[in-house]
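As structure tokens, the structure follows; a few thoughts come after it.
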Amino acid sequence: MTEQSRAHPFRDSSEDRRASHDIPDTPQTRSPTYALAFDDPEFLAREELRPVRLQLELLKPELVMNEAGIKSTVVMFGGARIPAPANKDKARTDTLRDLSKYYDQAREFARLLTIEGLKTPELEKVVVTGGGPGVMEAGSRGAADAGGVSIGLNIVLPHEQAPNEYVTPELCFNFHYFAIRKMHFLMRAEAIAVFPGGFGTLDELFESLTLIQTGRMKQIPILLFGREFWERIIDWKALEDAGTISPDDLKLFRFVDTAEEAIEAMENWDEKGQKRRVIPGR
């Protein structure tokens, strides 16, 4: 923010923060109580400040994406352990080795989306991933192949990890709260592509499906890459037969196997943008 764009005449907080560091070194100035509250990491990390931290994690990426002109996104979920085909011989299991083909499909899907998005005057269909390896790397890499940007929503984990090298640095975020990170995945989403993955991928898929099923979110294309994988690990028909979901709930997503099929499905999604008013089967 420039001096001319300020909406009030008060002194700039950043200026005061810098000034507060250029002071005499005394017992009083070394005391934690003397630090400005918003410049005191230990204070901000207190238990009582959780509501403030939640707000900050929601606000920081929102402001940055608004300022970057991000209008819409396409979310790519998928396994961090799926290798690039060039590295598939190092995969831990035969199945992971076979699933490496979806790394290439994720990369191509992201490339095609980014090319399409670059045709518009605003930043639309921007690829957003969890920012890590595997399918997430493939998504960021495909966007970079097309000369576009991608968003990475990383989260702090107990084991050592870092963003993949293809995420646009200015759109690479880090989170403490899973809940706020999930909100940012979906706030601008106009489609969700879900590739084979593990617990995290399943969590993200079913949370998205639940929001749409219950009318808490507009219907958008949900594309499951790899019919064989998804029908093997989830007995969708058994849920319908048990009555725990309705037949119409199975229409909330579609199976695809290639990037081209996914693009076509997005373009021909009948219920896009509509919210359910009634939950079928209730």
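The values are calculated or read from the model by the stated rules, or taken from the named source; none is laboratory data. No experiment lies behind these values; they were computed from the predicted model shown. Neighbour counts run over all protein chains shown; Cβ positions are idealised from the backbone, glycine included.
Summary table below
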| quantity | calculated |
| --- | --- |
| Set Val167, Val149, Val128, Val156: member being surrounded by fewer than 24 Cβ atoms within 10 Å (Cβ to Cβ) and either of a type in the set (Lys, Arg) or within 18 Å of Lys60 (Cα to Cα) (or both) | Val156 |
| The listed residue being under 18 Å from Ala80 (Cβ atoms), of a type in the set (Val, Ile, Thr) and in contact with a strand residue (DSSP E or B) (Cβ under 7 Å, 6 or more places away or on another chain), out of Val149, Val167, Val126 | Val167 |
| Filter result for Arg181 (assigned to a helix (DSSP H, G or I), touching a residue at least 12 places away in the same chain (Cβ under 8 Å), among the basic types (Lys, Arg) and in contact with a Lys or Arg (Cβ under 7 Å, 6 or more places away or on another chain)) | no |
| Residue within segment 187-201 that is in a helix (DSSP H, G or I) and of a type outside the set (Phe, Trp, Tyr) present | yes |
| One residue from Arg227, Arg254, Arg188, Arg232 being modelled with pLDDT of 95 or more and either aliphatic (A, V, I, L, M) or within 21 Å of Leu59 (Cβ to Cβ) (or both) | Arg188 |
| Residue count for segment 257-282, restricted to those that are touching a residue at least 40 places away in the same chain (Cβ under 8 Å) and within 20 Å of Arg111 (Cα to Cα) | 8 |
| Residue in segment 117-137 that is at pLDDT 95 or above, among the hydrophobic types (A, V, I, L, M, F, W, C) and assigned to a helix (DSSP H, G or I) present | yes |
| Residue that is surrounded by the fewest Cβ atoms within 10 Å (Cβ to Cβ), among those in segment 242-254 that are among the aliphatic types (A, V, I, L, M) and under 22 Å from Glu204 (Cβ atoms) | Leu250 |
| Yes/no for Glu62 being surrounded by 14 or more Cβ atoms within 10 Å (Cβ to Cβ) and over 30 Å from Glu267 (Cβ atoms) | no |
| Counted residues, segment 105-116 - those being modelled with pLDDT of 95 or more and acidic (Asp, Glu) | 1 |
| Search result, residues across segment 165-208 that are over 16 Å from Ile151 (Cα atoms) and either touching a Phe, Trp or Tyr at 6+ places or on another chain (Cβ under 7 Å) or basic (Lys, Arg) (or both) | Val194, Phe195, Pro196, Gly197, Thr201, Glu204, Leu205 |
| Residues located in segment 6-33, provided they are more than 19 Å from Leu44 (Cβ to Cβ), among the hydroxyl-bearing types (Ser, Thr, Tyr) and loosely packed, with under 10 Cβ neighbours inside 10 Å | Thr26 |
| When residues of segment 54-110 are limited to those that are touching a residue at least 60 places away in the same chain (Cβ under 8 Å) and assigned to a loop (DSSP other than H, G, I, E, B), the one nearest to Ile155 (Cα to Cα) | Ala80 |
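Residues checked against (1) assigned to a helix (DSSP H, G or I); (2) within 22 Å of the chain's Cα centre (by Cα); (3) of a type in the set (Ser, Thr, Tyr); (4) buried (at least 17 other Cβ atoms within 10 Å of the Cβ):
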{"position": "Lys218", "(1), (2), (3), (4)": "no, yes, no, no"}
{"position": "Glu231", "(1), (2), (3), (4)": "yes, no, no, no"}
{"position": "Glu240", "(1), (2), (3), (4)": "yes, no, no, no"}
{"position": "Ile263", "(1), (2), (3), (4)": "yes, yes, no, yes"}
{"position": "Glu271", "(1), (2), (3), (4)": "no, no, no, no"}
{"position": "Lys275", "(1), (2), (3), (4)": "no, yes, no, no"}
